[in-house]
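**Q** Supplied in structure tokens, the structure appears directly below.
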Amino acid sequence: MQIDHDFGYFLDPNKMALIANYEDESAALLKLMLIHEDFLRVVIENLRPEGSEKYNAIKNYKYFTPKLSAAVLLGLPVSLADAMSELNSIRNKYAHKIDYVITNEEVDKLAETIKKIKIEEINHGGYIHQVIEPILKDGIYAVALMKDLPPNLEENRLRICKLVTSAHCMCLLGAFWLINTLHVKDKLKLSRSE
């Protein structure tokens with residue numbers, strides 16, 4: 001399949017692999033949230049009605065939640081928004097609780113939210129079923145980053161890798177949803193590669 005549109009960061013596993021190498025959970029989490037906020041900006045800019053530029057306050061949105069709300073109103077699946085909101089909840093704990101330490105349970109709960117997303121919500125255009133299905137079935141363990149981890153990785157590094165892989169799955173699913181949505185709206189041309 002060929003996609004005649006640039007989704008950059010959201011589909012590039014190498015960008016996420018760099019973040020997985022961070023030593024500090026909070027730095028990784030902040031970078032992941034920046035990527036998700038940029039994804040929401042792309043959703044809003046691509047799906048807002050034509051001619052609505054002067055009413056597009058996204059440039060003035062300072063916080064994640066209003067951007068997420070706007071994206072949901074434009075069609076972002078609620079289940080994907082719930083997963084993104086879960087990641088934001090972890091970020092907020094870091095930002096507002098000085099002694100906060102992320103737990104394995106929180107990271108595992110985040111990873112499980114990905115499996116709650118339905119393929120019909122993401123792949124309504126029907127083009128990329130074989131790419132999406134393993135992510136929704138196996139969650140973060142469908143992604144090479146998790147498959148290729150050394151068996152004796154220290155706990156902090158494993159949490160970072162799970163955070164990054166969860167965020168990467170959300171980015172992939174979000175990008176695939178947006179690709180399908182733009183294709184259905186005839187704003188993006190998809191063609192099967194030979």
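**Q** Output the number of the condition that Leu87 fails; it satisfies all remaining conditions of (1) under 20 Å from Asp12 (Cβ atoms); (2) modelled with pLDDT under 90; (3) of a type in the set (A, V, I, L, M).
**A** (2)
**Q** Output yes when any residue across segment 50-59 is farther than 15 Å from Thr165 by Cα and either surrounded by 11 or more Cβ atoms within 10 Å (Cβ to Cβ) or at pLDDT 90 or above (or both), and no when none is.
**A** yes
**Q** May I pose another question? Identify, please: which residue in segment 26-45 is within 11 Å of the chain's Cα centre (by Cα) and of a type in the set (D, E, K, R) and is, among those, farthest from Asp12 (Cα to Cα)?
**A** For segment 26-45, the residue satisfying everything is Glu37.
**Q** Are there any pairs, at least 6 apart or on different chains, whose C-beta atoms fall under 8 Å, with the first in segment 70-91 and in contact (Cβ under 8 Å) with a residue 60 or more places away in the chain and closer than 15 Å to Leu47 by Cβ and the second among the aromatic types (Phe, Trp, Tyr) and in a helix (DSSP H, G or I), and if so, which?
**A** Final answer for the pair search is Leu76/Trp177; Pro77/Trp177; Leu80/Trp177.
**Q** To continue, here is another question. Going through segment 92-105 one residue at a time, which ones are free of Cβ contacts under 8 Å to residues at least 40 places away in the same chain and out of contact with any Lys or Arg (no Cβ under 8 Å at 6 or more places or on another chain)?
**A** Hits for segment 92-105 are Asn92, Lys93, Ala95, His96, Lys97, Ile98, Asp99, Val101, Thr103, Glu105.
**Q** While we're looking at this one, here's another question. I'm trying to understand the selection: among the residues of segment 76-104, which are closer than 29 Å to Asn180 by Cα and exposed (fewer than 14 other Cβ atoms within 10 Å of the Cβ)?
**A** Listed by number, the residues that qualify are Val78, Ser89.
**Q** Name the one entry in Tyr127, Tyr141, Tyr100 that is in contact with a strand residue (DSSP E or B) (Cβ under 9 Å, 6 or more places away or on another chain) and either under 26 Å from Ser89 (Cα atoms) or aromatic (Phe, Trp, Tyr) (or both).
**A** The unique qualifying residue is Tyr127.
**Q** What residue, among those in segment 105-154 that are surrounded by fewer than 13 Cβ atoms within 10 Å (Cβ to Cβ) and aliphatic (A, V, I, L, M), is modelled with the lowest pLDDT?
**A** Filtering segment 105-154 for residues that are surrounded by fewer than 13 Cβ atoms within 10 Å (Cβ to Cβ) and aliphatic (A, V, I, L, M), the one modelled with the lowest pLDDT comes out as Ala144.
**Q** Something else now. Sort out which residues of segment 89-106 are of a type outside the set (D, E, K, R) and more than 15 Å from the chain's Cα centre (by Cα), and write them in order of number.
**A** Asn92, Tyr94, Ala95, His96, Ile98, Tyr100, Val101, Ile102, Thr103, Asn104
**Q** Hey, can you tell me all the residues within segment 159-194 that are buried (at least 23 other Cβ atoms within 10 Å of the Cβ) and either at pLDDT below 90 or among the hydroxyl-bearing types (Ser, Thr, Tyr) (or both)?
**A** Hits for segment 159-194 are Thr165, Ser166, Ile179.
The values are calculated or read from the model by the stated rules, or taken from the named source; none is laboratory data. It should be emphasised that the depicted structure is a prediction, and the values quoted were computed from it without experimental measurement. Because the Cβ atoms are built from the backbone with ideal geometry, glycine has one as well, and the counts that use them run over all protein chains shown.
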